[in-house]
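This report concerns only the one structure given below.
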Amino acid sequence: MKIKDVQGLEERVSTCTRCFEDKIAGNDGKRHIVLCGGTGCLSNNSAEIKAKFEKVLEEKCISYKATVNIVGCFGFCSQGPFVKIYPEDTLYRLVTLDDVEEIVESDIMHDKIVERLLYEDPQTKEKVKTQDDINFYKKQHRIALHGCSTINPEDISEALGIGAFEGLKKALSMSRQEVIDEVLAAGIRGRGGAGFPTGRKWQFAYNSESDQKYVVCNGDEGDPGAFMDRSILEGNPLGVIEGMMIAGYAIGASDGYFYVRAEYPIAVGRLKVAIRQAEDIGLLGDNILGTDFSFHCHLRLGAGAFVCGEETALLNSIEGKRGNPRPRPPFPAVKGLWGKPTIINNVETLACIPYILREGSAEFAKVGTEKSKGTKVFALGGKVKNVGLVEVPMGTTLRELVYDIGGGIPDNKKFKAIQTGGPSGGCLVEEYLDEPIDFDNLVSKGSMMGSGGAIVMDEDNCMVDVAKFYMEFICDESCGKCSPCRIGTKRMLEILTRITEGNGTMEDLDALEELSRTVKNNSLCALGQTAANPITSTLTHFRDEYIAHIVDKKCPAHVCKNLMEYYIDPDKCIGCGMCAKGCPVDCIKRTDYIAEGHKLASFKINSSECVKCGSCISSCRLNAISKR
């Protein structure tokens with residue numbers, strides 16, 4: 001039945017809220033099993049685990065006692081797949097197909113927790129039963145991730161049960177300017193990377209006179225290692241739809257476009273379901289909640305071009321043109337999609353909007369710093385124990401992110417740097433670990449917030465190689481429209497390649513710095529303007545590594561193949577010959593030297609023939625082979 005007015009929405013929300021709360025509290029007399037349905041857990045058989053739960057419950061004739069459902073990402077990706085059981089709120093991690101029958105037999109049938117599947121605190125070695133008691137979650141504050149890991153993203157009744165469309169209902173009782181003022185008062189800045197105040201962008205579009213306006217959701221998430229937007233769309237797509245509708249009402253738009261990369265099939269599928277369900281009950285379409293506000297959502301899939309994350313290139317792509325950036329001004333808020341005023345906000349920004357309207361701008365502004373309000377979602381990865389998706393208040397320090405939430409560096413390795421902002425950002429070193437995370441502070445330290453990628457590096461990372469990796473990415477993704485980016489990034493990559501191959505000169509460092517300035521100051525769009533950031537930040541903080549590559553012809557981290565050799569310690573080698581057997585180029589030969597206490601002669605690697613494949617290190621049981 002369609003919801004025709006505010007009273008109808010309130011009645012439906014009341015029913016859905018009561019049902020959802022009864023489910024969580026166990027008032028319906030059932031146990032409720034929910035599994036992580038994020039991409040990471042699904043790739044680790046989460047869907048198959050769900051099917052097996054249903055099968056085992058049926059076989060034991062207790063399917064009437066429990067339900068099984070999929071929810072969004074739990075965030076703690078390195079510990080997935082997750083299974084949570086309500087009403088006890090028990091959280092099991094690293095669940096496999098073989099664990100299902102034991103969970104049903106012990107927990108569902110006999111109320112006995114399966115201790116071995118609980119998370120173990122690495123410090124205290126104690127088992128932790130509930131999600132909120134795990135250190136990974138304690139410093140997080142969920143606003144953009146509201147509903148993820150809680151609701152079924154393909155069931156609109158569960159979204160309504162946690163407050164969906166309450167923000168829209170409040171917005172429709174206000175004037176358009178009042179809605180914009182509320183967003184301005186919240187102080188939210190765009191989470192897509194630039195950090196432009198969202199309310200100001202909306203104000204520009206509202207002030208632009210036109211018979212048609214548009215809202216565009218930028219879901220073209222292309223930074224290496226980033227998966228924030230994907231997880232939000234997978235976990236609570238209706239929250240983003242609601243944010244888009246509020247934006248549409250505020251500026252006077254009747255159509256919204258989701259631009260999502262085609263590599264996100266789960267997010268795309270759930271977004272389609274959410275749009276259809278909202279249309280079916282009258283929350284999308286014409287005369288929403290009995291008002292004169294009409295809004296329609298459309299979906300466009302991106303082909304994976306990183307440059308289409310730039311807003312004007314994105315608009316060209318939606319229009320069916322090549323994804324090249326447009327010169328600005330005019331800005332999209334004045335002349336955007338099909339020449340009409342358009343606002344482009346990324347997924348995370350729109351996911352925060354319903355909270356601002358529902359709870360009030362003051363509540364949102366209480367979180368964060370003076371100039372960076374609210375929270376930020378990060379995809380925390382690289383050399384860190386707790387890889388996953390985290391949402392923390394602005395002002396959280398990098399140390400808290402890496403060590404308190406991330407659990408620190410594996411194998412007690414030394415922290416070297418954290419790359420924030422993806423290819424557009426820079427590396428922040430140990431001296432900045434106690435710096436608060438906000439838009440302006442990261443920029444002042446030589447990096448940027450970006451969309452939220454945070455890649456941790458340790459002592460085994462070569463920073464010249466890191467700069468080369470990002471420059472390879474930028475060269476591949478440059479649209480080629482402007483010469484500074486097209487040619488300048490190629491020249492920088494050539495120089496970095498020479499240095500990592502041992503053919504660099506000190507003059508190359510001067511050339512890198514000059515090219516960095518040229519590309520930054522003359523490129524058309526943000527891709528080129530920020531392309532050199534990884535180079536400039538690594539040159540600033542790790543110049544000694546560049547010099548070692550050039551002068552000493554050594555890679556201190558033993559990463560660059562041309563600048564290292566594999567060495568067998570003759571006193572450790574017992575002459576077993578396993579390394580020689582596995583060598584693909586037959587460059588390991590026996591010597592005449594027999595170490596004291598050994599019976600067989602040791603082996604030696606011919607460095608001129610060695611291809612540095614590493615098979616010898618993998619096969620040596622005594623760690624007699626090393627890089628140098």
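The values are calculated or read from the model by the stated rules, or taken from the named source; none is laboratory data. What you are looking at is a predicted structure, and each value in this text was computed from that prediction instead of being measured. Heads up, the Cβs are rebuilt from the backbone with ideal geometry, glycines too, and the neighbour counts pull from every protein chain shown.
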Take residues that are in contact (Cβ under 8 Å) with a residue 24 or more places away in the chain and either under 30 Å from residue 167 (Cα atoms) or not hydrophobic (A, V, I, L, M, F, W, C) (or both) and tell me which of the strands (runs of 3 or more DSSP E) falling wholly in the range 318-430 contain 3 or more. 342-346, 375-382, 388-393, 415-420
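So which residues in the range 452-480 are part of a loop (DSSP other than H, G, I, E, B) and in contact with a strand residue (DSSP E or B) (Cβ under 7 Å, 6 or more places away or on another chain)?
Of the range 452-480, the ones part of a loop (DSSP other than H, G, I, E, B) are 452, 459-462, 478-480.
Residues satisfying the conditions are 452, 459, 461.
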Has the range 394-403 got at least one residue that is over 16 Å from the mean Cα position of the chain (by Cα), of a type in the set (S, T, N, Q) and buried (at least 21 other Cβ atoms within 10 Å of the Cβ)? yes
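Go over the candidates 257, 206, 214, 249 one by one and state the one that is in contact with a His (Cβ under 7 Å, 6 or more places away or on another chain), over 17 Å from residue 152 (Cβ atoms), in the same structural domain as residue 174 (by TED's automatic domain parsing) and among the hydroxyl-bearing types (Ser, Thr, Tyr). Before the answer, list the steps.
Values: 206 fails: in contact with a His (Cβ under 7 Å, 6 or more places away or on another chain); 214 fails: in contact with a His (Cβ under 7 Å, 6 or more places away or on another chain); 249 fails: in contact with a His (Cβ under 7 Å, 6 or more places away or on another chain).
Answer to the check: 257.
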Top-ranked residue of the range 333-350 - restricted to ones that are hydrophobic (A, V, I, L, M, F, W, C) and crowded, with 24+ Cβ neighbours inside 10 Å, ranked as nearest to residue 203 (Cα to Cα): 343
Out of (1) surrounded by fewer than 20 Cβ atoms within 10 Å (Cβ to Cβ); (2) part of a loop (DSSP other than H, G, I, E, B); (3) modelled with pLDDT of 95 or more, the odd one out for residue 101 is which? (2)
Taking the range 288-317 only, how many residues are in a loop (DSSP other than H, G, I, E, B) and under 18 Å from residue 212 (Cβ atoms)? 3
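Residue-by-condition table, conditions (1) closer than 18 Å to residue 260 by Cβ; (2) of a type in the set (Val, Ile, Thr); (3) out of contact with any Lys or Arg (no Cβ under 6 Å at 6 or more places or on another chain); (4) assigned by TED's automatic domain parsing to the domain that holds residue 194:
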{"position": "289", "(1), (2), (3), (4)": "no, no, yes, yes"}
{"position": "296", "(1), (2), (3), (4)": "yes, no, yes, yes"}
{"position": "302", "(1), (2), (3), (4)": "yes, no, no, yes"}
{"position": "315", "(1), (2), (3), (4)": "yes, no, yes, yes"}
{"position": "318", "(1), (2), (3), (4)": "yes, yes, no, yes"}
{"position": "327", "(1), (2), (3), (4)": "no, no, yes, yes"}
{"position": "331", "(1), (2), (3), (4)": "no, no, yes, yes"}
{"position": "335", "(1), (2), (3), (4)": "no, no, yes, yes"}
Suppose the filter is in contact with a Pro (Cβ under 9 Å, 6 or more places away or on another chain) and not hydrophobic (A, V, I, L, M, F, W, C); does residue 481 pass it? yes
What number of residues within the range 417-437 are surrounded by 23 or more Cβ atoms within 10 Å (Cβ to Cβ) and either more than 17 Å from the chain's Cα centre (by Cα) or not hydrophobic (A, V, I, L, M, F, W, C) (or both)? 11
Please identify the pairs in which a residue from the range 204-226 that is within 13 Å of residue 450 (Cβ to Cβ) and in contact (Cβ under 8 Å) with a residue 24 or more places away in the chain has its Cβ atom under 8 Å from the Cβ atom of a residue that is among the polar types (S, T, N, Q) and part of a loop (DSSP other than H, G, I, E, B), counting only partners at least 6 apart or on another chain. 221/451; 223/451; 226/451
Outside the structural domain of residue 240 (by TED's automatic domain parsing) and more than 16 Å from residue 77 (Cβ to Cβ): does that describe residue 399? yes
Counting only residues that are surrounded by fewer than 20 Cβ atoms within 10 Å (Cβ to Cβ) and of a type outside the set (Gly, Ala, Ser), which one in the range 540-549 is farthest from the chain's Cα centre (by Cα)? 547
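Scanning for something in a helix (DSSP H, G or I), touching an Asp or Glu at 6+ places or on another chain (Cβ under 9 Å) and of a type in the set (Val, Ile, Thr), does the range 259-268 turn up at least one residue?
Of the range 259-268, the ones in a helix (DSSP H, G or I) are 265-268.
Then keep just the ones that are touching an Asp or Glu at 6+ places or on another chain (Cβ under 9 Å); that gives 266-267.
From what's left, of a type in the set (Val, Ile, Thr): 266.
Taking every residue of the range 259-268 in turn, at least one turns out to be in a helix (DSSP H, G or I), touching an Asp or Glu at 6+ places or on another chain (Cβ under 9 Å) and of a type in the set (Val, Ile, Thr).
Only one of these is touching a residue at least 24 places away in the same chain (Cβ under 8 Å) and in a loop (DSSP other than H, G, I, E, B): 488, 504. Name it. So that I can check it myself, show each step before the final result.
Details: 488 fails: in a loop (DSSP other than H, G, I, E, B).
Checking each option against the conditions leaves just 504.
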When the range 239-295 is checked residue by residue, the ones that are among the basic types (Lys, Arg) and modelled with pLDDT under 95 are 261
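Which one is farthest from residue 235 (Cα to Cα), of the residues in the range 338-370 that are charged (D, E, K, R) and over 21 Å from the mean Cα position of the chain (by Cα)?
Let us first name the residues in the range 338-370 that are charged (D, E, K, R), namely 340, 348, 358-359, 363, 366, 370.
From what's left, over 21 Å from the mean Cα position of the chain (by Cα): 340, 358-359, 363, 366, 370.
Working: 340: 32, 358: 19, 359: 21, 363: 23, 366: 25, 370: 30 Å.
In this case the residue turns out to be 340.
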